[in-house]
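The values are calculated or read from the model by the stated rules, or taken from the named source; none is laboratory data. Predicted model only: the values in this text are computed from it and were never measured. Reconstructed Cβ throughout: ideal geometry from the backbone, glycine too, with neighbour counts over all protein chains shown. The protein model used for the area step is the full one, side chains on, heavy atoms only, and it has no ligands, DNA or RNA in it. Shrake-Rupley method; radii C 1.70, N 1.55, O 1.52, S 1.80 Å.
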Amino acid sequence: MIRIIRRPVTLLTAVVAGLVLAGCGSGPSQVGSAAIIGDRSIPLEDVQQEVRWLLDNVPEAEQAQEQRKLDLQAREVVRSRIIHELTMIAAQREGLRADPAEVDALIEGSGGVDAVARGAGVIPERVRELATDQVLLQQLAQHYVDRVSVRLVGTSIVTESPGATAKDQALEIGRDIAADPGRVEQIVRQSGNQLIDSELPMAQTLQNQPEIAASAVFGASEGSVLVIQPSQEQAEWLVALVQERNVSAGDGSASTAQADPQYLYFAGLRLLQPIADELGVRVNPRYGVWDATALSPAASEGELSGYQLQSRTVQP
């Protein structure tokens, strides 16, 4: 049975530089916004009303408040609304349309509006929006999965030592690569780690390494340096220069019949990253900062799930 997909905890933190709201400038009013995507604003009051509904109707939200973790619930509301705006932009650009009958079937197959609202943590009025986003994101993945490929040059780090976690080592190497991307191979070898030089087609990666397909590997721009942890179930940190990101002129007809619908959805979600990077996502400081590699707000700069560093090959 097809059901509305909720983000697993492992992908919530793995699939991954925030901007704070300024006091002036053109575009949507920033004072009353929970987040701004390009010229689109998510009203702060809408988010607050949704959180209040969750407190009244979802036991997990009440428990989160008792444990002083309600900010996690609030950030998830902001995240889902940002994803909706990005999905609408992608659908408009690509000419995608969700079949109302498919949306209805998805909601009913997930237990109906009330069950989805409580289970997914959204107000009932947004359940259809959530289901529509899922259908559109799976279409987006189907449209691009046979067309996108990336070439990565870097390394992976799993070993740790006192005062030098795998994350710290990866971030140090990533900064060195970003400062001098032409020396990426030499920098990796000098670090004592094994060089990775791989070309990854998205369709094949979705089948064999779905967590990589759903990660920032396929969303980051060419010339970016990624420092990410593809799976929270493994200690490995990947640091790599996205040396090439190619989108061919294929017709998007690759067979995805064997693809897990959940990973197909997350692959579509990842394809929103270039739009988010292009338009810019600004999060109200009360909800933290934008985590580009997780496509989600993070509590602070120090709690980002990963990093997307701009190398000197990328002009501002």
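Computed quantities for the displayed model
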| item | result |
| --- | --- |
| Single residue of Q73, Q48, Q65, Q30 found to be open to solvent by 40 Å² or more (accessible area, probe 1.4 Å), modelled with pLDDT under 85 and not charged (D, E, K, R) | Q65 |
| Residue identified as surrounded by 14 or more Cβ atoms within 10 Å (Cβ to Cβ) and modelled with pLDDT under 95 among Y263, Y307 | Y263 |
| Residue tally, condition of a type in the set (A, V, I, L, M) and modelled with pLDDT under 95, over the stretch 281-291 | 0 |
| Residue ID - surrounded by the most Cβ atoms within 10 Å (Cβ to Cβ), chosen from residues in the stretch 213-245 that are modelled with pLDDT of 95 or more and over 19 Å from the mean Cα position of the chain (by Cα) | Q243 |
| Q190 being farther than 20 Å from R245 by Cα, open to solvent by 30 Å² or more (accessible area, probe 1.4 Å), more than 20 Å from the chain's Cα centre (by Cα) and not β-branched (V, I, T) | yes |
| The listed residue being assigned to a helix (DSSP H, G or I) and crowded, with 19+ Cβ neighbours inside 10 Å, out of L86, L152 | L86 |
| Residues (over 13 Å from T293 (Cα atoms) and either assigned to a strand (DSSP E or B) or of a type outside the set (D, E) (or both)) located in the stretch 214-230 | G223 |
| R93 vs. criteria assigned to a loop (DSSP other than H, G, I, E, B) and loosely packed, with under 14 Cβ neighbours inside 10 Å | no |
| Cβ pairs under 9 Å, 6+ apart, first in the stretch 268-293 and surrounded by fewer than 17 Cβ atoms within 10 Å (Cβ to Cβ), second assigned to a helix (DSSP H, G or I) and aliphatic (A, V, I, L, M) | L279/L86; L279/I89; R286/L44; R286/A74 |
| Matching residues in the stretch 65-119 - criterion: being on the phi > 0 side of the Ramachandran plot and either among the basic types (K, R) or in contact with an Asp or Glu (Cβ under 9 Å, 6 or more places away or on another chain) (or both) | R68 |
| Close pairs from the stretch 45-71: first more than 24 Å from S33 (Cα to Cα), partner open to solvent by 60 Å² or more (accessible area, probe 1.4 Å) and in a helix (DSSP H, G or I), Cβ under 6 Å, at least 6 apart | V58/R118 |
| Hey, E160 at pLDDT below 95, more than 20 Å from Q262 (Cβ to Cβ), of a type in the set (D, E) and surrounded by fewer than 21 Cβ atoms within 10 Å (Cβ to Cβ) or not | yes |
